[in-house]
Every structure is written in C-alpha cells, then in structure tokens.
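The values are calculated or read from the model by the stated rules, or taken from the named source; none is laboratory data. Nothing here was measured: the structure is a model prediction, and the numbers come from that model. Neighbour counts are summed over all protein chains in view; Cβ atoms, including those assigned to glycine, are modelled from backbone coordinates with ideal geometry. The accessibility values were calculated without ligands, DNA or RNA, using every heavy atom of the protein model including side chains. Shrake-Rupley method; radii C 1.70, N 1.55, O 1.52, S 1.80 Å.
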Amino acid sequence: MTTPRPEHSSSPLPTTARQISSQKLTTSEPKPTRTETSSQHHPSPSASNKPVNKFRLEERRYKLYKGKNKRRKITDFSKVIHLTKDYKGSRAILVESNSLSTSTTSTSTSTTSTSTCASPQIWKITHLQGLYVIKHGLDVKQQAYWALKAVKEFSNCLHTNLSNLHGPQPNHWEQAVKNGSVGKESGFFRLRWASLGYHYDWTNRLYHRNAKSDFPPELAKMAGDLAKKVGLEVKSEAAIVNFYPFDGAMGGHVDDAEMALCYPIVSVSLGCKAVFLIGGRSKETEPTAIFVESGDVVIMGGHSRVCYHGVPRIIQKSCPKDLLDMMKASGSMESKLLGSFLQTSRINMNIRQVLDEKQNFDAIQKPPYPRPVHQPNRNTSKTPALTSCTTPTQLLKPTSRKIHKEKA
C-alpha cells in the first residue's frame, strides 16, 4: 500500500495508481537531443553500476516488457509456486481443515455451488510465519458476486485515484454499461483503485480521522470469516480495491501505515491469475513467487504482515472458464461486460484493521505509532515474529510520522 515513489516520476498521481497504471506518464524533463545517447534514457541492465536488490531482480524476471523495452518474448515461470494437491515442494504445506467452507458471504449469496470449482484448501507458507493461502476460498458464484460488487459499487465510492486528481466523479461503470464498452475510451478504463473505510493519504502517508466512508458490513464479515479459517481475527476498517489491467503491476512495498500491525491483511483475488511476490523485512531478501488465481485468498499475518510484497505480473486471459461462462449465461449486458473486463484484468480486494482495540485518533500520542524495522542496513535476523498485539514494541521502532487529527 505504501509503495515508494519512482524517482523518475513527477506526477501527482497516488503511488499505487502510478504503479498499476498501464498509461504512460509524462515528466517535466526536456526531450533528449539527437546528440544524446539512447542508453541515457533506456539503460540496459549492464549499463549501470548501481547494485540491484534481490526483490527487484525477481520483479524483472516476471515483468511484462513491451514496446522498445521488450527484452524477452517468453517468461520463465518455473520458479513460481503453484499450490495444487500435486505440489511436493518444502515451502508450503497443505493444512487439513474439516471446518473449511466457502460460505464466506451473507446468507443471500452463500448458496450451494454446483460449479466445477475445486474444493477449498488452506496452505501454510512454511518459511514466513503467519502467511497463508486459501486456494479456491471463494467459489464461482461468490467470485461473480464480489466482482460485480467491486465494479458496480466499490468503484463508485468517494475515494479513488480519479477523484484524488479530478474531484467528484460520475459513475464510470454505469456509463460503461450504457455504452457497452470498458475500453480505453471509457472512464472506467482509467480507474486503478478505490478506497473503502478509512482513506489513506498516499502523499503524506497518514490516515485522516474524518476522511472515511462507511465500511461495507458484508465485506467486513467475509474478511473476518476468512481470517478465522487460519486462527486469526481482524476488524475490517479499511480496504483498497485494486483494478489491474493485463499489463499492470504493483511494485514491492510494505504495508506499515496502520497502527494495528498485529492484525492480518486479507487479500482476495478475482479475474486473471497473477504472480505474487513476498520476501522479508529487506529488499535484499530474495522473495518467493506464488501464483494467485481467481477465488484465492492470501492472508498476511504475524511476521509476514510487515514483509515486502508485490505483484509483478498479470497473466492475460487466465480468468477461469466457469466464471466467464456464468457471466455469459446470465444474459444481461452488465454481466457480459464484466466477463469481458475479467478476461484481461484482475481485481484485488485487500482488507485491514487500522486501529488497535484500545486506540482511537484522540488517544494517539507522539510518536504516534510504531513502524516495522525493514531497512536493509539493519540486522533483523533476531527480530521476533509479530504474533499478537502484546509484543509490538519488540518488533517495531518509533517513527516521526504524524496522524492528522481534524476538528470534528
């Protein structure tokens, strides 16, 4: 969520919007003259002596190169973990759970599924304490339900990348349905994220007490139920709904802005498959690559809550066939348009808790709240895992960042 700004960009776009945007951003720098070498603006990996951290190297491995920067036609995905019953590696183990169910939505949507969707499985990532992947955590009907919710309701909330730049926005999804297109000519095509609950200020890296909207109760219940599957709990207070185009990406970052870092992030994937990278407290730790597919749920708790992670690649046209067939079978223009969108896009809903149980904005003292130790020059090998809210000071250090307390 709090990804670092690229050094070459002077755009006022919020960080996440820049990183998952497929549009070209302009800068105020003058265009190079003919006498300047092209390598000055498009350096090759060997042209610079600046060391590249291990996280960045893995991002480059899976990145989709295009245009003049296209370096390879075929990406090697052999190192990516694909969590199926046939997986025999040592980095993940299948957790047996008789209580695991896909009834993670309200009563009105938790109907019995008759699709060919595989049964849910809980996978524990062994080398990162607190990291779980629930494969097929949502069945096909639930995927269709939440995908429609995301584009129809969540995209029309008060805080989006478009409203941050241009003020109040029309209902872009409604206009797309009316025009029968979500192509480049539509306003919905430019949407990259929508913020629910507490709205995070990307520029100043803080939460505003009064900058919030009502958090959808149904989404809060789903996130809480999913966290309980792995023995964790979360009070949903903020969520970011990301809309990835097929050539979009999310750079490596740490979600450390919340005050309740001992509660997990619940991340739900819909649409196209993606490569999810997660490393350690430093970008010098080589990350692990995991495929996340439509209906999969990643839960980042404990130690993994403050580890670098990102999404370097979206796999185009990898949306499950049974989900697309369900969209076509409905017969409505809206469902068909949603199916067309999901064929080349990915929706991610990540839900989190902002405040600890005993915290509120008025009770926060200076320094306001701790921040994870993830600087590469610090020795974090002896840092204990973050397992509960009773031990945050063992893991975290103070910061000078402020929380903006507006007058009611």
*What is the set of long-range amide H partners of ILE81 at a cut-off below 5 Å, with H atoms built 1.01 Å from backbone N?*
ALA289, ILE290, PHE291
*If ligands, DNA and RNA are left out, what is the accessible area of SER213 with a 1.4 Å probe, given in Å² to the nearest 10?*
30 Å²
*For the stretch 217-324, go through all pairs of different Cα atoms, get the mean of 1/r, take its inverse, and jot down that Kirkwood value in Å.*
14.8 Å
*Counting Lys and Arg as +1 and Asp and Glu as -1, what is the net charge of the other residues whose Cβ lies under 14 Å from the Cβ of LYS178?*
-1
*Please report, to two decimal places, log10 I(q)/I(0) for the stretch 266-358 at q = 0.11, 0.19, 0.23 Å⁻¹ as given by the Debye formula with identical point scatterers on the Cα atoms and no solvent.*
-0.41, -0.89, -1.11
*Using the heavy atoms of the protein chains and a 1.4 angstrom probe, tell me the accessible area per residue for the stretch 243-358 in square angstrom.*
26 Å²
*the stretch 183-224 and the stretch 230-301: distance between their alpha carbon centers, rounded to Å*: 15 Å
*Would you mind checking which residues have amide H under 5 Å from GLU286's amide H? H placed 1.01 Å from N; only 5 or more apart, or other chain.*
none
*Of the peptides 346-358, 172-184, 133-145, how do they stack up when ordered by the mean number of other Cβ atoms within 10 Å, highest first?*
133-145, 346-358, 172-184
*Of all the accessible heavy-atom surface of the stretch 265-308, with the other protein chains kept in place and a 1.4 Å probe, what percent is carbon and sulfur?*
43 percent
*May I ask you to rank SER78, SER304 by accessible area, largest first, using a 1.4 Å probe over the protein chains only?*
SER78, SER304
*Long-range amide H partners of ALA238 with built H, under 5 Å*: TYR198, ARG352, VAL354
*So for LYS235, LYS63, LYS229, what's the accessible-area order with a 1.4 Å probe, most first?*
LYS235, LYS63, LYS229
*Relative contact order of the stretch 192-316: what whole-number percent is it, with Cα pairs under 8 angstrom and at least 6 residues apart?*
27 percent
